[in-house]
Amino acid sequence: MKKIVISKLPAQRFQVVLDGQYCVFTLRQKGKRIYLDLAVGETRVCSGGVCVPGADVIQSPSPHFSGSLHFLDLTGQAPPQWADLGGRFVLLYLSEGETRPEVLRF
């Protein structure tokens with residue numbers, strides 16, 4: 001499990017290598033929800049994934065991305081909001097075979 005560093009911004013784009021996969025993330029707040037786009041290399045894996053606490057943001061398996069992405073609310077079960085990204089709301093990457101622990105402390 002790896003915590004992905006995200007900024008307190010309503011729209012952002014960043015790159016990170018996860019298990020040897022060169023990932024490009026785009027996060028954007030629209031209304032009361034945050035949406036995630038993910039590309040691995042030049043291949044789009046997810047467009048407009050809805051970020052909700054605990055659920056895997058990547059809804060459809062892809063041969064271009066292994067593992068899963070999960071937003072967690074460290075104080076409840078509210079949908080992530082940009083002003084609390086990286087604090088109350090964290091983004092986790094789990095390698096294939098890893099399970100999300102029920103209790104996390106960062």
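Taking N as the number of residues in segment 20-70, what is its alpha-carbon radius of gyration divided by 2.2 N^0.38 Å?
Against the compact-globule rule of thumb, the ratio is 1.09.
I need to check one value: relative contact order of the chain, counting alpha carbon pairs closer than 8 Å and at least 6 residues apart, in percent.
28
Starting from the 7 Å offset along Cα-to-Cβ, what nm value, one decimal, do you get for the label separation of TYR22 and THR75?
Rounded to a tenth, the inter-label distance reads 3.9 nm.
What's the Kirkwood radius of segment 13-106 in Å, using all Cα pairs?
Answer for segment 13-106: a Kirkwood hydrodynamic radius of 13.6 Å.
The chain: longest stretch without exposed trypsin sites (Lys or Arg not before Pro) (DSSP loop, at most 15 other Cβ within 10 Å), sites themselves excluded?
Result for the longest clean stretch: 33-87.
Where a number appears in this text, it was derived from the coordinates with a stated rule and is not lab data. For clarity, every value in this text was computed on a predicted model and none was experimentally measured. Using ideal geometry, Cβ is built from the backbone for each residue, glycine included, and neighbour counts are taken over all protein chains shown.
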